[in-house]
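Contents: one structure, followed by commentary.
The values are calculated or read from the model by the stated rules, or taken from the named source; none is laboratory data. Keep in mind that this is a model prediction, so the values were computed, not measured. In this analysis, Cβ positions are derived from the backbone assuming ideal geometry, glycine residues included, and neighbour counts consider all displayed protein chains.
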Amino acid sequence: MTPVAIPQIFENMEEATIGQWLVKEGQQIEIETPLCQLITEKTTLDLPSPAAGTILKLIVAEKAIVPTHFIIALIGEENEEFPDLATLNPTPASSPTPIPTPIAPATSNPVSAPATANAGSRLRATPAARRAAKDAGVNLEDVAAAFPNKVLSEEDVKAFASR
């Protein structure tokens, strides 16, 4: 089994946002197959598969913000058992980044974003939204108040700024 983790692409990169999954659980893939769109503060790119095999599990939902080195998917052989997800991504004792919500079981939409915007004390926004707010001179807290209970996107910031 091959775990797929968020790579630390830049020296100061601490987190990334899963933009869109480009594969589905159960899908056969080859090495270097694009798995998902990865959005960082500096760029958006397709995350390539580190191995060939079957997508056994997509652990994180689209639009989730995840820390670097966080395991987001598992690749292996069909019917291969995988370890407990909590042991793959243990919660650090003093984690500054809330751990993303795993994708719900197949009874719900498997890639819907968790409704965790503004959860806890941390404002939830994509890196592109943070950049757009800075460029527009808009306070993200004001945008969050206008769009409650969601991870803020670049489009949300632009819509708020155009008001």
(request) Determine whether Gln20 is of a type in the set (S, T, N, Q) and touching a His at 6+ places or on another chain (Cβ under 9 Å). (result) no
(request) Could you please give the count of residues in the range 21-70 that are touching a residue at least 24 places away in the same chain (Cβ under 8 Å), assigned to a strand (DSSP E or B), buried (at least 17 other Cβ atoms within 10 Å of the Cβ) and within 13 Å of the chain's Cα centre (by Cα)? (result) 11
(request) For the range 55-72, name all the residues that are polar (S, T, N, Q) and in contact with a Phe, Trp or Tyr (Cβ under 7 Å, 6 or more places away or on another chain). (result) none
(request) For the range 2-14, name all the residues that are more than 20 Å from Pro34 (Cβ to Cβ) and either at pLDDT below 85 or within 14 Å of the chain's Cα centre (by Cα) (or both). (result) Glu14
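Test Val4 against the criterion of being in a strand (DSSP E or B) and out of contact with any Phe, Trp or Tyr (no Cβ under 9 Å at 6 or more places or on another chain), and give yes or no. Break it down into steps so the answer makes sense when it comes.
Numbers: in a strand (DSSP E or B): yes; out of contact with any Phe, Trp or Tyr (no Cβ under 9 Å at 6 or more places or on another chain): yes.
Yes: the conditions hold for Val4.
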